[in-house]
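Single-structure report; data block below.
The values are calculated or read from the model by the stated rules, or taken from the named source; none is laboratory data. Because the structure is predicted, anything quoted here is derived from the model rather than measured. Every residue, glycine as well, gets a Cβ built from its backbone with ideal geometry; the counts of neighbours run over all protein chains shown. For accessibility, only protein heavy atoms count, side chains too; no ligands or nucleic acids. Shrake-Rupley method; radii C 1.70, N 1.55, O 1.52, S 1.80 Å.
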Amino acid sequence: MTMLQVNGVQIPCKGILFDKDGTLLEFLQLWGPWAETLLSQLQARMNELGASFTVEREHVLGTIHNAEGHIVGYDPQGPLAIATVDECTGLLAGQLYAAGIPWNEAITTIRKFSSVAMRSVRERKSAEPMPGLLDFLQKCRAADIPLAVVTSDSTAAAETHLDWMGIRSFFTSIVGCDRVTQGKPDREAALLACRELHIDPAEVVVIGDSNGDMQMGRHAEVSYTLGYCPQLDQGSHLVDAHAIIRHYNEISVIL
């Protein structure tokens, strides 16, 4: 059986389930501009209403801003990192509702704001594979390890982002939030991906940057949960990871 070696430990592996944002691609490069555009539009609307956010602006989606207001970081346990677009829409609409806007109007307004923000994301096509990822994917292909993406994003968006990076062909299964009833950390998405890869969850490795990914893997009873966290001073949130890597060159494929 093919093995993955991580930190000197050999893990039997017949398939790998990857998270997308923050695991396959740089999270802020793609979603930073989206969140910034969205929050700016919301701030302008709140100003028109003479209202303010019910929490600090940084706490609405879990973003970190510099002195100029630009997003320079995010909370790996926050909504931006983990929630679906629909869940983020609900959070933002809640701010308008608290400011006196009827719920249906609040939701419609945020959807319009999100549409504008997504348009700028599509124009930029700013998605780059994480360092060392392409080399690792090629090694997996050479070893005939089937791969899947399990994401809180929609399936169509995930397909698009993988296409932008030129890595769509590596993945046999793409499971977005629209293909399951219960998203992460529930096991449903992982089990669907395993069925589509035709492998037992007990022979699968999950790689992700949030603890929701790790919990999903644990709930699905996969063989190993591998946290991905490039920042040396972070990773403490990955409490359910069997191990944590900073770079894909820390994983060896052993035939």
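For segment 95-135: of the residues being of a type in the set (Asp, Glu) and in a helix (DSSP H, G or I), which is surrounded by the fewest Cβ atoms within 10 Å (Cβ to Cβ)? Checking each candidate, the answer is Glu123.
Would it be correct to say that Thr160 is open to solvent by 60 Å² or more (accessible area, probe 1.4 Å), out of contact with any helix residue (DSSP H, G or I) (no Cβ under 6 Å at 6 or more places or on another chain) and β-branched (Val, Ile, Thr)? No.
In the set Gly227, Gly212, Gly183, Gly217, only one residue is closer than 26 Å to Leu28 by Cβ and assigned to a strand (DSSP E or B); that residue is Gly227. Somewhere in segment 180-188, is a residue out of contact with any helix residue (DSSP H, G or I) (no Cβ under 6 Å at 6 or more places or on another chain), at pLDDT 95 or above and within 12 Å of Asp19 (Cβ to Cβ)? The answer is no, given that none of the residues of segment 180-188 is out of contact with any helix residue (DSSP H, G or I) (no Cβ under 6 Å at 6 or more places or on another chain), at pLDDT 95 or above and within 12 Å of Asp19 (Cβ to Cβ). Among the conditions (1) open to solvent by 60 Å² or more (accessible area, probe 1.4 Å); (2) without any contact (Cβ under 8 Å) to a residue 24 or more places away in the chain; (3) not polar (S, T, N, Q), Lys14 misses just one, which is (2).
Which residues, counting only those in segment 190-248, are of a type in the set (Gly, Ala, Ser), in contact (Cβ under 8 Å) with a residue 40 or more places away in the chain and farther than 19 Å from Val175 by Cα? Break it down into steps so the answer makes sense when it comes.
Looking only at segment 190-248, we keep the residues that are of a type in the set (Gly, Ala, Ser), and these are 190, 193, 202, 208, 210, 212, 217, 220, 223, 227, 235-236, 241, 243.
Checking the rest, the ones that are also in contact (Cβ under 8 Å) with a residue 40 or more places away in the chain come to 190, 193, 208, 210, 212, 217, 223, 243.
Of everything in segment 190-248, those that are of a type in the set (Gly, Ala, Ser), in contact (Cβ under 8 Å) with a residue 40 or more places away in the chain and farther than 19 Å from Val175 by Cα turn out to be Ser223, Ala243.
Do we have Ile207 as part of a loop (DSSP other than H, G, I, E, B) and either touching a Pro at 6+ places or on another chain (Cβ under 7 Å) or open to solvent by less than 20 Å² (accessible area, probe 1.4 Å) (or both) here? No; evaluated as a whole, the condition is false for this residue. The set of residues in segment 59-94 that are polar (S, T, N, Q), modelled with pLDDT of 90 or more and not in a helix (DSSP H, G or I) comprises Thr63, Asn66. Checking Thr84, Thr54 one by one, the residue that is of a type in the set (S, T, N, Q), crowded, with 17+ Cβ neighbours inside 10 Å and on the phi < 0 side of the Ramachandran plot is Thr84 and no other.
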